[in-house]
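Okay, structure first, notes after.
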Amino acid sequence: MHTRRLALVTVVSLLVLATHAALAGQAGQARLPNVMILATGGTIAGTGPTSTTTVGYAVATVGVQALMDAVPELKSVATVRGEQAFQIASENMTSEHWLKLGRRVNELLAQDDVDGIVVTHGTDTLEETAYFLNLVVKSAKPVVLVGAMRPSTALSADGPMNLFNAALLAGSREAVGQGVLVCMNDQINGARDVTKTNTSDLDTFRSRELGPLGSMKAGKPVFYRTSTRRHTTQSEFDIRDVKELPRVGIVYAYADYGRVAIEAFSAAGVKGIVHAGVGNGSVAIDARPALVAARARGIIIVRSSRVGSGAVARNGEVNDDAADFVVADNLNPQKARILLALALTRTTDTREIQRMFYQY
Ligand code: SIN
């Protein structure tokens, strides 16, 4: 089954690559790839009162056309078109935005005149949108998320170079079939593994446990590894008929956290809880009865970890078989929340959901 799926993915990727090659060969001269830039706001579209303002600036003020105009070099690597999807700070991103964006990306990638997509995004929840798209995009064509840590008005603003690299990557043959990518600070990271690791450093995006997929070198994307997890064309998730995502909450564990948050989520009617446990996903003795009671009410419990890297071992710190819990593998809590919400659009069977956590 898995072999058949991989064969299908390879065929889809080869078809997209063949189209790229045919276009490049047209009339004996290379035709630039068509890259669509979907702008959603964030610091990359931010402005400050002075060129040294890097804290306390206004986010999401510059429109997509101005973002593109600031990088005339884009024209040398792609034929770019822009669309303002949203204009928000990324802490205000909601599942409604995700569903809208996912549908628009799929619509655009189905067009012959779109070879790749760049999504400009605030960095705070960029990894979440990237992972959501990684699971719901139905195309092998490149989708690249990009942001900036300094506003557009800052000295040495990182947005323009990041945007240039993202467009280059989105129009490249190398990025075809690699899943949704994040390209910032010259690095290429996979949507599943990447996370924001620093509040203000330029090299904040890292794939802590596994490392980047590649990097931009002398104007060319170079890949050193690929993700082995299902994504895009191999994904079983389909948002065409999804009106809203099931509600899933995250409970963050700490010394003495008790059961209040678990009971509050449960009373609020969530369909799933991601428990961001300490260490290897441990659950405190005071919190256990509340999680068991939530499960008895039909709420799916996924054990993740607040540590920031490493997998949670099934039946390790907790007897998951007995409690009917699911473990998040090495997905961080915010990404485990997304996978659980999408899983719940298809099933409430915990064995099936556990399979998904080991495959995506
Ligand atoms: C945001 O996430 O919208 C603000 C912060 C940033 O883009 O770096």
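So in region 304-360, with the set limited to residues that are among the aromatic types (Phe, Trp, Tyr) and touching a strand residue (DSSP E or B) at 6+ places or on another chain (Cβ under 8 Å), which one is nearest to residue 129 (Cα to Cα)?
Here the residue is 357.
Any residue at all in region 15-32 that's under 22 Å from the mean Cα position of the chain (by Cα) and either at pLDDT 95 or above or polar (S, T, N, Q) (or both)?
There is no residue in region 15-32 that is under 22 Å from the mean Cα position of the chain (by Cα) and either at pLDDT 95 or above or polar (S, T, N, Q) (or both).
Suppose we filter region 201-219 for residues that are among the basic types (Lys, Arg) and either under 16 Å from residue 146 (Cβ atoms) or outside any loop (DSSP other than H, G, I, E, B) (or both); how many remain?
Here the count works out to 2.
Might you let me know whether region 281-293 holds any residue that is within 23 Å of the chain's Cα centre (by Cα) and not basic (Lys, Arg)?
Yes; the residues of region 281-293 include at least one that is within 23 Å of the chain's Cα centre (by Cα) and not basic (Lys, Arg).
Residues that are aromatic (Phe, Trp, Tyr), in contact (Cβ under 8 Å) with a residue 40 or more places away in the chain and more than 16 Å from the ligand (Cβ to nearest atom): list the strands (runs of 3 or more DSSP E) wholly contained in region 71-166 that include at least 3 such residues.
So the answer is none; nothing clears 3.
Given the conditions (1) within 18 Å of residue 42 (Cα to Cα); (2) modelled with pLDDT under 95; (3) not acidic (Asp, Glu), and given that residue 161 satisfies all but one, which numbered condition is not satisfied?
For residue 161, the failing item is (2).
If I ask for residues that are more than 16 Å from the ligand (Cβ to nearest atom) and assigned to a loop (DSSP other than H, G, I, E, B), which ones from region 46-68 would you list?
Scanning region 46-68 gives 49, 50, 51, 52.
Looking at 250, 239, 285, 273 in this structure, which one is without any contact (Cβ under 8 Å) to a residue 12 or more places away in the chain and hydrophobic (A, V, I, L, M, F, W, C)?
When all the criteria are applied, what remains is 285.
Answer yes if at least one residue in region 286-294 is out of contact with any strand residue (DSSP E or B) (no Cβ under 7 Å at 6 or more places or on another chain), basic (Lys, Arg) and within 18 Å of residue 251 (Cα to Cα), and no otherwise.
Checked region 286-294: at least one residue is out of contact with any strand residue (DSSP E or B) (no Cβ under 7 Å at 6 or more places or on another chain), basic (Lys, Arg) and within 18 Å of residue 251 (Cα to Cα).
The values are calculated or read from the model by the stated rules, or taken from the named source; none is laboratory data. Here the structure is a predicted model, which means the values were calculated and not measured. Don't worry about glycine lacking a Cβ; one is built from the backbone with ideal geometry, like all the others, and counts go over all protein chains shown.
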